[in-house]
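A short reminder: the numbers here are calculations on the coordinates, not readings from a lab. The structure presented is a predicted model; accordingly, all values stated were derived computationally and were not measured. Counting neighbours? That spans all protein chains shown, and the Cβs are built from the backbone with ideal geometry, glycine included.
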Amino acid sequence: MKKKLVVFDFDGVILDSVAEHKKRYDFVYASFGKKCPAKTIAQWRKWHDSKWERNFTRLGIKGKQLDAAIGRYWHGFEYKKSKPFKGIKKVLEIFAVKYTLAIVSNTKRKAVEDSLSKYGLSKFFVCVEGGNHKSGKIKRLQGVLRKCNEKAENAVIIGDTPADIRAGKALGVKTIGVLYGWSTREKIYKEKPDAIALKPSDIPKLVEKLFNG
């Protein structure tokens, strides 16, 4: 029997990386003489937009400056201090037996793959669909479905931002929003995902319920 597909976002679902990414944004802002109004991580979770170009354009970084900003953001980017969330490896071990696993992320694929390798998580995933110079989870999720040869109704996406939930809904993929990642509780609830996880250990039961009714 063919395995169903479970798609994970990476940052904020598998890897606890919000602090590291915020520092990168602040680095780029400073290079243009800008300052982000969100100084703390809690403030950042409220201010951050999952259509991440807006995190630059709202501060007046537009046009050619936007292209330069994105280039500076990713040039030399690597995860140095971020670690997987507690309990997420156990979730992956459970799922790898029953499901096909994939990742869809706006982060550069090499950075995602390097981090997966560092923490011994690469073996769980058959596909990693990473980002480029534009946000856009719908096309990336479509790419995962195509590469895994799976229908949308036999897939679930697990994400921590509105973009993840919207992508799943747009394609008919089941959705789980997590509250331990980048977005606030209010942002996730507003998108009305099919299920909500407070912590990684909640995910297995939610997936089972969505797939089996």
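So the values come out like this:
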| item | result |
| --- | --- |
| For the range 111-213: relative contact order, % (alpha-carbon pairs under 8 angstrom, 6 or more apart) | 18 |
| GNM result for the chain, Cα springs below 10 Å: residue of GLY130, GLY181, GLY87 fluctuating most strongly | GLY87 |
| Cross-link pairs beyond the 30 Å C-alpha cut-off, checked among LYS22/LYS89; LYS62/LYS187; LYS4/LYS51; LYS39/LYS90; LYS139/LYS190 | LYS39/LYS90 |
| Separation of alpha-carbon centers, the range 173-206 and the range 137-151, rounded to whole Å | 20 |
| Gyration tensor (alpha-carbon) shape descriptor, the range 99-213, a/c threshold 1.5 | rounded |
| Translational diffusion of the chain, µm² s⁻¹ [Kirkwood Rh, Cα pairs; Stokes-Einstein; 4 °C; 1.567 mPa s] | 74 |
| Cβ crowding within 10 Å averaged over residues, with 24-32, 5-13 ranked highest first | 5-13, 24-32 |
| Sorted peptide list for 46-58, 104-116, criterion being average Cβ within 10 angstrom, highest first | 104-116, 46-58 |
| Ranked packing of 89-97, 168-176, most packed first, by mean Cβ within 10 Å | 168-176, 89-97 |
| Rounded to whole Hz, the Karplus (6.51, -1.76, 1.60) HN-Hα couplings of the range 101-115, x for glycine and proline | 10, 9, 10, 10, 8, 7, 6, 3, 4, 4, 5, 5, 5, 5, 5 |
| Relative contact order for the chain, counting Cα pairs under 8 Å that sit 6 or more residues apart, in percent | 25 |
| Simple spin-label estimate for VAL97 and ARG58 in nanometres, 7 Å along Cα-Cβ | 4.3 |
